[in-house]
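Just below is one structure, and these are the notes that go with it.
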Amino acid sequence: MKYLGIRPQDLRVAVFDFTGCEGCELQLANREETLVDFLRAARLVRFREIADEAADEYDVALVEGAISRADEIDRLQRIRERARLLVALGTCACYGGVNKLKNAFDFAEANAAVYGAQAKETLPARAVSDVVSVDLAIPGCPVSKEEVERILQHLLWDVPWRFPSYPVCLECKQRFTVCTFQKGELCLGPITMGGCGAPCPAGGLGCLGCRGPAADPNVDEFRSIARERGFGDRDVAAKLEFFGSFDPIAAR
Amino acid sequence: MKIDLEVDLHHLTRVEGHGDVYVRIEDGKVVEARWDVVETPRYFEVMLKGRPWTQAGLLSARICGICSISHCLASIRATERAFGVEVPPAAAKLRLLAKDGETLQSHYLHLLFLAAPDFLGLPSVLPLLEQKPAVVDLARRLRGAGNRLSDVVAGRTTHPVTLKVGGLTQPPSLPALRAVRGDLERSIADLDALVEIFAGFAIPDFVRETEFIALRPGDVYPSIGGRLASTDGVERAEDDYREMTNEYVDPRNTSKWARHMRESFAVGALARFNLNHALLLPPARALAERLGLRPVSHNPFLNNVAQLVECVHATHESLAMIDELLRDGMAEVSVPVTPRAAEGVGAVEAPRGILYHHYRYDGDGRIAQANCVIPTTQNNANIHLDLSALAAQRAAAGTTKAEMERLCSMLVRAYDPCVSCSVH
């Protein structure tokens, strides 16, 4: 079918999971009001979590999870060779996610603490883009299905997608959410990229920055305001490091 | 005719996470039958070290994409028991509601998206989009009601935002709560339709006697906290969970294994039913009776039926709970919290079985040591031994490779394993 003389692309979509909780791919099966349309628009040819179908031919690879073992590197490289478009799906794939908290520990000690004498193989957790080239990174812990749907529409019509440059704060204002920062909680909303719809502040929880930095974030001012309001450097660090999404900034 | 065959399923489909099934039959005898978890380890117990108490629940939730609410609640319970916190009654009810929402979405996901294709002879639910759109619609509506219940109460169905140590950040909005009550009310008819679909499925005839372990609070069907009970007659306090789980490391698995009175035991919907059937709400008990589910049932495939029974229970429990909250109000949903150097255990019945979080806090309110015992970890040995027994039964009767593959996959899926979770 053509719309205004343009035919949408037929995209074969495959879903792959690495080090993570598989919560982002689960979002693909959520949002029940549009689920049927979504499943018709994205031709899922491989999605191990919910289907036996396992095609090796696909156009788009949705890759979930961080990379933290040698076999994952091999598997990811094979996917990269096959996919026309490789999408990092979720904060673990985009930034390493909470898995990166592991990197601060000595792995021999970590193994002894969890597995005793029978250590298991593990590497420092990395983002997908640290291993292969990524065409599109959709952050979120978990991803917003609404945003995934909008991105899919862009892909189907071959229209470039752009993430918002504004921070989460703007979406709190749109929802009339009372400012979490003003209520006395440390919130990374002012420096975090919007587009999620700000569900955490709306639920009374300060933003943890799962989507990573907004465009040109004013981190110095953020730090000084946090200090003024009585938050110590340790409190700020505990938030900035949570998802590994502010690593270059946190190191400053 | 004595059969020879090999089943080698690398990264079994329609389960959460990565596990392998291997079965080899020679001359009609089982030479090898294995269930191995090969998921990449994540070391959450290490990552939790040094985290402030305010972040423990948020980080723990990330162990699992399906049962993040259970992880968050077990974590919060461990911290509250360490700090000696009692939450207001409205908060306790709201948490139960959030959990019921999770049970519903998780059980429906398993029953309709993961298990049903086996009974329908399909590779997934995707072909149903064209073949049986009414069933997809049913799945969509049922799962939607569960997800919305968690959304309304916990702020989000995956990785909740309102659940915190001391209670909740805020109560749900009244219009949203009333709307989700309507969804649940309407889902009762859909649930009846689902029961009719499942009543027509042939449940494989297989029994291997085992031990079942679940929470048994005594006065209500189990959900958050309570004593631990086993069908082998053992009862223990929540704090003594280690004596009930006895985790050990298997060289071929990244998930640990567990044992108690026998070589293996099982947790999950069937275990909860076997130990608490008398406390199910009447419509759920009637359904169990109708579908022939009686305690103590040792057929692991009946876990699907037990999940269905629990969906009925959770729906009716939620409706009653919402009515109570609307009647009594939700003026107070949290209490102030003062951290202290102390230890606490939190046990919760996650959709897939009993889940424990155990933390030791230092004087700064940061975690010094953490231990998490996951339902699928406790089921691994049982799945493994069931595979052997099932393979032996079918090998003796004579079967094909395809049929053996189908049955072995169905067996593992019946446990609804949460593999990433089990590795954490």
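The table below gives the values:
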read-out	value
Matching option when the condition is more than 10 Å from chain B (Cβ to nearest Cβ) and out of contact with any helix residue (DSSP H, G or I) (no Cβ under 6 Å at 6 or more places or on another chain), among A:A55, A:A51	A:A55
Residue within the range B:313-325 that is touching a residue at least 24 places away in the same chain (Cβ under 8 Å) and not in a helix (DSSP H, G or I) present	no
From the options B:V220, B:V195, residue that is more than 14 Å from chain A (Cβ to nearest Cβ), surrounded by fewer than 23 Cβ atoms within 10 Å (Cβ to Cβ) and not in a helix (DSSP H, G or I)	B:V220
Test set (1) under 17 Å from B:L228 (Cβ atoms); (2) within 14 Å of another protein chain (Cβ to nearest Cβ) - B:D250 fails condition number	(1)
Where B:D36 falls short, out of the listed (1) touching a helix residue (DSSP H, G or I) at 6+ places or on another chain (Cβ under 8 Å); (2) of a type in the set (D, E); (3) closer than 28 Å to B:A395 by Cα	(1)
Any pair with Cβ under 9 angstrom, 6 or more apart, that starts in the range A:93-108 at a residue that is within 25 Å of A:L62 (Cα to Cα) and ends at one that is buried (at least 23 other Cβ atoms within 10 Å of the Cβ) and charged (D, E, K, R)	A:A93/A:E64; A:C94/A:R211; A:G97/B:R62; A:V98/B:R42; A:V98/B:R62; A:N99/B:R42; A:N99/B:R62; A:K102/B:R42
Every residue from the range B:119-136 that is touching a strand residue (DSSP E or B) at 6+ places or on another chain (Cβ under 9 Å) and either of a type in the set (A, V, I, L, M) or surrounded by 16 or more Cβ atoms within 10 Å (Cβ to Cβ) (or both)	B:S124, B:V125, B:L126
Pick from the range B:25-79, criterion among the acidic types (D, E) and more than 10 Å from chain A (Cβ to nearest Cβ), ranking: farthest from B:T13 (Cα to Cα)	B:D27
Subset tally (residues that are buried (at least 22 other Cβ atoms within 10 Å of the Cβ) and in contact with a Gly (Cβ under 9 Å, 6 or more places away or on another chain)) for the range A:64-99	16
Residue in the range B:84-97 that is within 13 Å of chain A (Cβ to nearest Cβ), more than 15 Å from the chain's Cα centre (by Cα) and of a type in the set (K, R) present	no
Matching entry among A:A125, A:A202 (being free of Cβ contacts under 8 Å to residues at least 40 places away in the same chain and either in contact with a Ser or Thr (Cβ under 6 Å, 6 or more places away or on another chain) or among the β-branched types (V, I, T) (or both))	A:A202
Matching residues, the range B:336-375, being more than 29 Å from the chain's Cα centre (by Cα) and either farther than 18 Å from B:W53 by Cβ or not small (G, A, S) (or both)	B:P336, B:V337, B:T338, B:P339, B:R340, B:D362, B:D364
Residues (part of a loop (DSSP other than H, G, I, E, B) and polar (S, T, N, Q)) located in the range B:326-346	B:T338
Test: residue in the range B:162-180 that is β-branched (V, I, T), more than 10 Å from chain A (Cβ to nearest Cβ) and surrounded by fewer than 21 Cβ atoms within 10 Å (Cβ to Cβ)	no
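Here's the yes/no breakdown for (1) modelled with pLDDT of 95 or more; (2) of a type in the set (D, E, K, R); (3) assigned to a helix (DSSP H, G or I); (4) crowded, with 23+ Cβ neighbours inside 10 Å:
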position: B:N371; (1), (2), (3), (4): yes, no, no, no
position: B:A389; (1), (2), (3), (4): yes, no, yes, no
position: B:A392; (1), (2), (3), (4): yes, no, yes, no
position: B:V412; (1), (2), (3), (4): yes, no, yes, yes
position: B:D416; (1), (2), (3), (4): yes, yes, no, yes
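The values are calculated or read from the model by the stated rules, or taken from the named source; none is laboratory data. None of these values were measured; they are calculated from a predicted model. Neighbour counts are summed over all protein chains in view; Cβ atoms, including those assigned to glycine, are modelled from backbone coordinates with ideal geometry.
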